[in-house]
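The structure appears right after this line, and notes come after that.
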Amino acid sequence: MILQCISCSRTYSADAIRYTCECGNLLSVERATLGGSPALFDQRRASRRAIDQSGVWRFREAVLDIDERQIVTHPEGSTRLYERSGIFFKHEGENPTGSFKDRGMTVAVTQAVRLGATAIACASTGNTSASLAAYAAQAGLRALVFVPAGKVAAGKLAQTLAYGATCLAVRGDFDAAMALVREACDRLGIYLVNSINPFRIEGQKTIVWELLQDLEWNAPDWIVVPAGNLGNTSAFGKALIEAHAAGWIRTMPRIASIQASGANPFFRSFREGFAQRHRVTAETIASAIRIGDPVSYEKALTAIRATNGVVGEVTDDELMAAKGEIDRIGIGCEPASATTLAGVRKLGLTGRIVCILTGHVLKDPDAILKNVPQEQMIEIDPTIEAVERAVSASPRP
Ligand SMILES: *Cc1c(COP(=O)(O)O)cnc(C)c1O
Ligand SMILES: [Zn+2]
């Protein structure tokens with residue numbers, strides 16, 4: 001296991017504390033051969049050990065070379081795959097802190113412990129900070145999170161504070177918080193666990209491997225994922241390339257990476273055949289993907305190319321309508337997650353489709369409470385007549 005630059009191929013020890021190459025580009029965790037096999041992973045599903053029940057560490061040979069006793073696991077993953085109206089939904093909101101970020105965080109925090117770090121930090125639109133705070137608490141590490149002031153959904157901020165992290169509310173947007181945390185980690189010797197950290201990506205690969213396992217290793221046609229900082233798109237590409245090369249699957253699914261139209265730099269690049277990288281000032285109701293300058297652009301480009309993938313964009317109205325559908329079938333998700341279903345519709349995707357629901361419905365209560373239909377939320381006097389009036393006026397399902 002080594003760290004390798006995705007651009008100039010220079011290599012570094014896996015124990016080096018660095019996130020980028022001397023040339024400035026991103027690093028990737030690489031190994032000579034991919035350990036594990038579908039048969040081994042399937043067998044572990046029957047085990048009661050925490051590291052086998054974890055949907056990340058079940059795949060450990062292909063995630064991190066490690067002494068098993070050092071693993072910091074809740075356990076995470078092992079989320080459900082729902083089939084509704086012919087579409088599969090992999091619900092990553094069912095992770096311990098309510099988003100897929102736990103899959104990357106368990107690996108990054110395990111690596112932090114291995115490297116002897118005493119403090120970890122990230123910039124976050126909310127879910128990474130909640131996850132960081134929970135895993136830092138478990139490992140006994142100091143937790144520092146940088147969030148855009150006033151721009152984090154209530155559920156995420158409350159969790160982060162509850163788990164005991166120090167929260168720096170930066171007067172600026174996510175991209176400003178990201179630049180600041182990189183500088184702060186270098187200056188203060190704190191271990192950075194944003195998705196620029198290549199070990200996060202190793203953990204997030206398991207979203208794809210677990211859904212392939214859920215489908216008995218019969219690959220779907222499409223895997224649809226919301227796209228913000230592009231860590232997940234990158235991880236999905238790496239997971240598919242590795243699984244295909246190792247013979248775990250016979251066909252290569254296509255990735256559809258979906259952005260909000262107010263935060264669409266990756267879509268802009270895709271539309272131009274990736275002629276150039278774009279940066280935008282981001283604005284969307286989907287705060288998890290309100291990101292204008294995604295750090296994993298280069299890796300995500302590889303993911304789209306290697307899987308013959310596509311990038312789409314959907315408006316806030318389209319993603320909120322899709323959220324309404326997902327919520328009302330009793331599954332529910334946060335706004336960013338619903339870009340997947342909205343993207344399926346907008347791009348007209350067909351075949352076997354898996355949408356990744358990245359975050360839990362309770363993460364962003366304000367997005368729900370601001371738009372409650374009048375006939376659904378009715379204040380009444382405490383009389384039976386008022387109840388009867390309300391019931392006859394409100395719609396039946
Ligand atoms: C982080 C996050 C995303 C975006 O993932 P990236 O890896 O930043 O592209 C999407 N949805 C939710 C709920 C998230 O927390
Ligand atoms: Zn390099």
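Which one is nearest to ligand 2 (Cβ to nearest atom) among residues in segment 1-20 that are among the hydrophobic types (A, V, I, L, M, F, W, C) and either more than 22 Å from PRO294 (Cα to Cα) or over 24 Å from the mean Cα position of the chain (by Cα) (or both)?
Start the filter on segment 1-20 by keeping residues that are among the hydrophobic types (A, V, I, L, M, F, W, C), which leaves 1-3, 5-6, 8, 14, 16-17.
From the residues that got through so far, the ones that are either more than 22 Å from PRO294 (Cα to Cα) or over 24 Å from the mean Cα position of the chain (by Cα) (or both) too are 1-2, 8, 14, 16.
Values: MET1: 18, ILE2: 13, CYS8: 3, ALA14: 16, ALA16: 13 Å.
In this case the residue turns out to be CYS8.
Take the conditions touching a Lys or Arg at 6+ places or on another chain (Cβ under 8 Å), under 19 Å from ARG18 (Cα atoms) and among the hydrophobic types (A, V, I, L, M, F, W, C) and apply them to LEU192. Does it pass? Working first, answer last.
On the way: touching a Lys or Arg at 6+ places or on another chain (Cβ under 8 Å): yes; under 19 Å from ARG18 (Cα atoms): yes; among the hydrophobic types (A, V, I, L, M, F, W, C): yes.
So LEU192 fits the description; yes.
Of (1) away from ligand 1 (no atom under 16 Å from the Cβ); (2) touching a residue at least 60 places away in the same chain (Cβ under 8 Å), SER28 satisfies all except one. Which?
Among (1) away from ligand 1 (no atom under 16 Å from the Cβ); (2) touching a residue at least 60 places away in the same chain (Cβ under 8 Å), the lone unmet condition for SER28 is (1).
Hey, which of the strands (runs of 3 or more DSSP E) in segment 140-252, taking only ones fully inside, have at least 1 residues that are within 18 Å of TYR297 (Cα to Cα)? Before the answer, list the steps.
Details: elements: 142-148, 166-170, 222-226.
By residue number, 222-226.
Please list, ordered by first then second residue, the pairs with beta carbon atoms under 8 Å, 6 or more apart or interchain, first in segment 204-225 and within 16 Å of ligand 1 (Cβ to nearest atom), second modelled with pLDDT under 95.
Once the first residue is within 16 Å of ligand 1 (Cβ to nearest atom) and sits in segment 204-225, its partners that are modelled with pLDDT under 95 give GLN204/SER195.
Kindly indicate which of PRO148, PRO198 is surrounded by 15 or more Cβ atoms within 10 Å (Cβ to Cβ), more than 25 Å from LEU115 (Cα to Cα) and either in contact with a helix residue (DSSP H, G or I) (Cβ under 6 Å, 6 or more places away or on another chain) or at pLDDT 95 or above (or both).
Values: PRO198 fails: more than 25 Å from LEU115 (Cα to Cα).
One residue alone meets the criteria, PRO148.
Show the residue pairs that are 6+ apart or on different chains and have beta-carbon atoms under 8 Å apart, the first residue being within segment 141-160 and in contact (Cβ under 8 Å) with a residue 24 or more places away in the chain, the second being outside any loop (DSSP other than H, G, I, E, B) and of a type in the set (Asp, Glu).
Partner pairs satisfying both residue conditions: ALA153/ASP366; ALA154/ASP366.
Do we have ALA338 as more than 16 Å from ligand 2 (Cβ to nearest atom), farther than 22 Å from GLY93 by Cβ and crowded, with 17+ Cβ neighbours inside 10 Å here?
On the way: more than 16 Å from ligand 2 (Cβ to nearest atom): yes; farther than 22 Å from GLY93 by Cβ: no; crowded, with 17+ Cβ neighbours inside 10 Å: yes.
So ALA338 does not fit the description; no.
State whether one or more residues within segment 264-283 are of a type outside the set (D, E, K, R), in contact with a helix residue (DSSP H, G or I) (Cβ under 6 Å, 6 or more places away or on another chain) and closer than 25 Å to LEU132 by Cβ.
No, every residue in segment 264-283 fails to be of a type outside the set (D, E, K, R), in contact with a helix residue (DSSP H, G or I) (Cβ under 6 Å, 6 or more places away or on another chain) and closer than 25 Å to LEU132 by Cβ.
The values are calculated or read from the model by the stated rules, or taken from the named source; none is laboratory data. Keep in mind that what you see is a predicted model, and the values were worked out from it rather than measured. All Cβ positions, glycine included, derive from the backbone under ideal geometry; neighbour counts span all protein chains shown.
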